[in-house]
Each structure stands twice: as C-alpha cells, then as structure tokens.
Amino acid sequence: SLSKLQLKTGDLDPRLFSRLRHLQKLDLSDNLLDKFPNSLTLPDLRVLNCNNNKLEDVTALKQFPLLEELTYENNVYLTLNDDYKVMFLLQNLRLLNGKDITKLANHVRRVNSRKLTSKARCVTAHWEKFFRDQLPEKYTAEQVKSIKKKFLKSVQTNVVYGPSSLSEFTRWRVKMIAEELLACSLGLELNTDPEPEEKMDENEEESTESPREAAEDMDQVTVTPSKRKRNHSKPGSGNKRSKSQANTEEEAEDVSAEPLHFLQCHSKGNSREDFKTQLWSCVFEPLLDCGARKDPIVSSSRTVATCGGESVCLIDCEAGTVLKKYKVATEEFFSVAWTTLTMVISDSRKKSHNILAAAGRRGIVKLIHVAADFCYGEIKAHKKPIATVCFSPTRETHLFTASYDKRIALWDIGIPDCDYNFKASQLLVLEALSIPLRIALVPTCPDQYLLAGCEGGCFAWNIKLDKEQKSRPFEAVFQFPDEDGGVTTSHRVDGLAFLNDDVIVSKSSKPGCIYLWSWSRSFDMKGKGCQRTISAVILAELEWSTTDLSYLTLSTCPAKDYVFCGDEKGSVWMYNLSNYSTAWSSAKGKRSERRIPPTQILKWPELRENGEQLSEVLINNVVSDPTFTYLVVLTSVNITAIWKKS
C-alpha cells in the first residue's frame, strides 16, 4: 500500500518497481499521479487501485498484462473512452471500478474490434489514394516521419466509426490500425502486436452499457415498436395531409424520418411497470472546443440529456444506450441545461468541460460535471419548484432559473477549482405577475433582453447588469389575437423559442394555433417606461392540434428553419419554414394570410408492453440536435423516443 503519500508520477522509480517481480496487489489511491511511467514492469500484478488521483491517460497500463481488477474512480479526466481502452488492452480484466465487465469487455475485444479491423480496408485505401505517392522510392527517416505524422492525423479525421461518445476510443484504434499498415508498408517497428481476429459466439449479445452504470440501471427497459414504418408522408401514404401540405415534392421528401429507439429509462425505482413518469426536458450536449482544435470527427453531438421523475439521463442517440444516470430520490426534475466552463486543472493548465444544470420541484439547481460522474454542487435557488433553466450564450457562468414563486433569477454559478470549490451569487431577480413557464434570451441582444412565456401572458424584461436595480418588474407585455377577433394579453404561453435572430415562435392557450411574430417590429428598444402593453406583429400562424391541453411545448432548429411541436395523440408536428423566412426578414414582409400546415406529422407507432398497446401518449417536448439528424421525443408515459432523419 502506497496510499495517501502525496506521490507524483516522478516518485514511481522504475529501478525500484522493476525489482518487485512477484507483486500482485498495489494500492496507489489518494495521490497526485497524472500518468504511469511506461517501465514499471510488475509482471505479476493482478490488482491495482488508483482511485482519487489526477490520471489523464490509461494506455501505460498495458504493461500489466495479468491485471484482473482495476479501479480508478474519481480521476476527473478519465472518461468512458478510457474504460474501453483498458478493456481492449488488458485481456484478463474482470472487474473495473468494482463492476463485473466480462460481458462488455468481450464485446469490446471481439465485436467492436472486428468491426474496427474491417475499417483496415478504408485505412489502406486512404493511404493509397492520398499518401503513397508522396513517398519517394528512396526516402529518408525525416521524410518517413513527416508523411507518417500527416497520414495518422488525416486517417483519424476521415475514417469514422461508432457513436460520438466513443469517438476518442475509435480514433485511437484507427490510429493503431494505421500504424500496423505503416509497419508493413515502410518496415517501421511497432510496440504492439497486431490484434488477432476472434469469432463471436452466436449466442453472445452485443452490449454497449457503461461499466460505470449503477447495477440497478442494468434493468433499464427498452420498448420496441411492433411496427416500424418509414414515415415519408407523401400524398396518400397514410398520413392525412391537406393539398397545401403536399403541394411540393420537395416538402414531402425533405423530412423523411424513422423511429430508431424507444427507451424507458426514467422509471421510479427502476420499475418496468412505470408508464406514468412524465418526461419534461431534453437538451443536446454542446461540442467541446479544446483550445483552437475542435474534434474533427464529430460534426454534431449525438449525446442528449433528458430529465423526468427522479432522474437525469445522458443518452447516446445513435446507439440508444444510457451512458450515465443521475438520481435524487426526493426530486422531480423539470429542466436541464448545458454550459461549457474553462476549468484550471493540474499545473495551472486550462481545460474545457461540459457542465449540466438540472432543477425541478425542490427549487434546487444541481451542478453536474458529467465526464467525472460527479455532482459537485447545488444552488438553493427558490423556495418553490423551478419550471425551467437556461444559460446565457455569451456568459458561460450566467444561469437563469424561472420558478413557481413568480420570479426569474439570474445566477453566476462561478467556476469550480481543481477541488470543486465554487461560489455562486445571485445577480438579478425579475418579478413576474404569474408563473413563468418558458424563457428565451433575445439572440441579437442576449445580455439585454429576456422573454418569458407565463401562465398569464408573454413578457419582456431588461436584464442589463449595468443598471443598479437588482429586482425588476417586466418592461413589456405582448398582446395577441384572441378567439373572439379582438386582442388579449391574458393567456397561458406554454411554448416559446426563437426561430432565428428575429422571429419568435410561441404557443398559447388559443387551441390549434402557434404564432410566429417579429421581435424587432414588435418591440421598440428605444421606448421608455415600464410595463408597456405592446401588440405582437404577427408574421404567420401554424396549423396545429385543436386540443386545449397545456404544457405540450415547442422547439426550433434555427440552422434548418424548423419548428417542432408534439400533440395529445403522440404525434410530432414538423414545419419546414425555409420558404417563408426570407420574406419575413424583409422590412416589408407581410403576414401570411393562411395558416401554414405542417410539412409532416410523425405518427406515434404501435408500442406494446406485455402484449398491450400503450395508449393516451402525450408529447411533452420535442428537441432536435443542431443539424436535425436526431429528434428526441419526450412523453407522458415514461418513454423517450428517438427518431433519425433518413
């Protein structure tokens, strides 16, 4: 045992350790190690504990080929990719962080590796096409070194495989395959032997569950649809659409989507019988920008955070697997939001990390460092439930919380230090006349104005921090057409989002209607006075369900000019507004006279549990990733549905 000795990497002297030929158990926990020296040897090591260190890489562990048990919990920079690396490198590993990983390790070593090995053809083709001709017949060591460096960088960028959550692991394996190719082509020596191809047992199940998941999470139920029809929504295809809905072939073909996964992962107590937990919020994880270098493999995130009931889940949309799950038994989560913080790590270096904020019924914001599997803090933001949260797009530590106490608070959550000490402070309180349900920052001035859809209307606040007033009333309330042909400010606004820098999409208690309206034409930023009543300049209305049910919220995909909204029958209404947005941006843009019908309606498929069809499915929320590759649908029956654009 060498635990709790403040050891750093340089303290592990290979000359000493190489003499411990028969050492089987080694405890290096609670030290300051950032990596392992490559030449410790220890040929008989079976059990290694390096919890609570600062490890950043695990590949040096391959020097312990007989290792059976390994723990490295609370090493904040190690991720799921590192779990996969050690499972591949250590053929005898049975336990990882206290969990039996035998089945998953077999999958990594055999199935995953066989698939990756099949990529060798792509690697070879990449070499032949782009790099072989760069190498002269008589080459120098420097020329080889230069071309090898360029090739390895290029092949990892262009030969892509697997889910984004494992992109680092698959890039690492592609690099190994490329190095093997170079060894054969150029006669370079390799440090590792080529991996033998193994056959998978016919009865062996493919599994990509994280070894870090709690044991009870293995009971996560996946409900499979009994019918999975491609949903092209062409005229006469089964989805009833008006003539105006199917007026162009381009419209019909543009949004073809098909169901990919149906997950039941927010169950109370992990019960398979739970079809009552309501799912409320989901948001895709932002891409990390590591300094000047963005990950070249991933063009859009496949990882989404969802919340409902007592849990927050992190889901890989492509694989349909729950990567992580965070639970608070006494909580009901209503909202989640991401931010990216630049944190100081060891040796005063800075590194970007994604932080997830989750809040709900208890009025408490939980701050979760997802990569570290660690909830590092909480903010007791309100005494009543929090309906929704969102981060500022310009100030990464600024978090807005909207509560049932009829207040919207702005917090500075601070940046945690290397020991996760942080200081949160309240900067502003916005007073509302009714419960705020949805909030949105104005894209052209996100540090100056905030919009909120409330139980009693749609309001705007000035949030500029150079004003002395810490508690502020609303600056404007917007009035909309009512059912009687007049106008009203008093209505429930349960859907609110920006389609672009100017166009707002809002859904109110007026049945069957979603409004699109202009921020710049409605709100005069030079206007004086508080609590002004302003008429919203309506650009168009979207045709939607005639239900009077509330809290079925909408979302937008600004990059693709899409609006999404679910209904009370399990359907998702999708609107491609790219043909309209140009006209709206014109100063003379007129209101569309007719209601704009949906481009497509995705019908809820037949899902059966114990032979019975799930009925009365409400769609509480629908969110796409920024490039509209995946569509995540949250329901009232504890089902997360993932559709993929085909």
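The values are calculated or read from the model by the stated rules, or taken from the named source; none is laboratory data. Model, not experiment: these values are computed from the prediction. In this analysis, Cβ positions are derived from the backbone assuming ideal geometry, glycine residues included, and neighbour counts consider all displayed protein chains. Accessible surface is based on the protein model in full, side chains and every heavy atom, while ligands, DNA and RNA are left aside. Shrake-Rupley method; radii C 1.70, N 1.55, O 1.52, S 1.80 Å.
Give me a count of the residues in the range 107-121 that are buried (at least 16 other Cβ atoms within 10 Å of the Cβ) and either at pLDDT 80 or above or more than 11 Å from VAL174 (Cα to Cα) (or both).
6
In this structure, does SER636 turn out to be open to solvent by 10 Å² or more (accessible area, probe 1.4 Å) and over 20 Å from TRP280 (Cβ atoms)? Full working, then the answer.
Details: open to solvent by 10 Å² or more (accessible area, probe 1.4 Å): yes; over 20 Å from TRP280 (Cβ atoms): no.
No.
In this structure, does LEU602 turn out to be assigned by the TED database to the domain that holds SER271, of a type outside the set (Phe, Trp, Tyr), in contact with a strand residue (DSSP E or B) (Cβ under 8 Å, 6 or more places away or on another chain) and within 21 Å of SER522 (Cα to Cα)? Reasoning before the result, please.
Numbers: assigned by the TED database to the domain that holds SER271: yes; of a type outside the set (Phe, Trp, Tyr): yes; in contact with a strand residue (DSSP E or B) (Cβ under 8 Å, 6 or more places away or on another chain): yes; within 21 Å of SER522 (Cα to Cα): no.
Here the answer is no, as LEU602 does not meet what is asked.
Within the range 43-54, track down each residue that is assigned to a loop (DSSP other than H, G, I, E, B) and either surrounded by 22 or more Cβ atoms within 10 Å (Cβ to Cβ) or of a type in the set (S, T, N, Q) (or both).
As a first pass, look at the range 43-54 and keep what is assigned to a loop (DSSP other than H, G, I, E, B): 43-46, 50-54.
Result: LEU45, CYS50, ASN51, ASN52, ASN53.
Considering the range 555-587 alone, what residues qualify as being in a strand (DSSP E or B) and either β-branched (Val, Ile, Thr) or open to solvent by 10 Å² or more (accessible area, probe 1.4 Å) (or both)? Spell out the reasoning first.
Let us first name the residues in the range 555-587 that are in a strand (DSSP E or B), namely 555-557, 562-566, 572-576.
Residues satisfying the conditions are SER555, THR556, VAL563, VAL572, TRP573, ASN576.
Check the range 426-446 and report whether any residue there is open to solvent by less than 60 Å² (accessible area, probe 1.4 Å), under 22 Å from SER555 (Cα atoms) and among the charged types (D, E, K, R).
yes
Within the range 475-521, can you find the residues that are over 23 Å from TYR580 (Cα atoms), among the polar types (S, T, N, Q) and either in contact (Cβ under 8 Å) with a residue 60 or more places away in the chain or not in a loop (DSSP other than H, G, I, E, B) (or both)?
GLN479, THR488, listed by residue number.
Which residues, taken from the range 615-632, are of a type in the set (A, V, I, L, M) and under 22 Å from SER550 (Cβ atoms)? Explain how you work it out, then say what you get.
The first filter runs over the range 615-632 and keeps only residues of a type in the set (A, V, I, L, M), leaving 617-619, 622-623, 631-632.
If the condition is that a residue be of a type in the set (A, V, I, L, M) and under 22 Å from SER550 (Cβ atoms), then VAL617, LEU618, ILE619, VAL622, VAL623, VAL632 are the ones that fit.
Considering every residue within the range 369-386, establish whether at least one is open to solvent by 70 Å² or more (accessible area, probe 1.4 Å) and aliphatic (A, V, I, L, M). Full working, then the answer.
Step one: filter the range 369-386 for residues open to solvent by 70 Å² or more (accessible area, probe 1.4 Å), giving 373-374, 378, 380, 383-384.
Adding the requirement that they be aliphatic (A, V, I, L, M) leaves none.
Scanning the range 369-386 turns up no residue that is open to solvent by 70 Å² or more (accessible area, probe 1.4 Å) and aliphatic (A, V, I, L, M).
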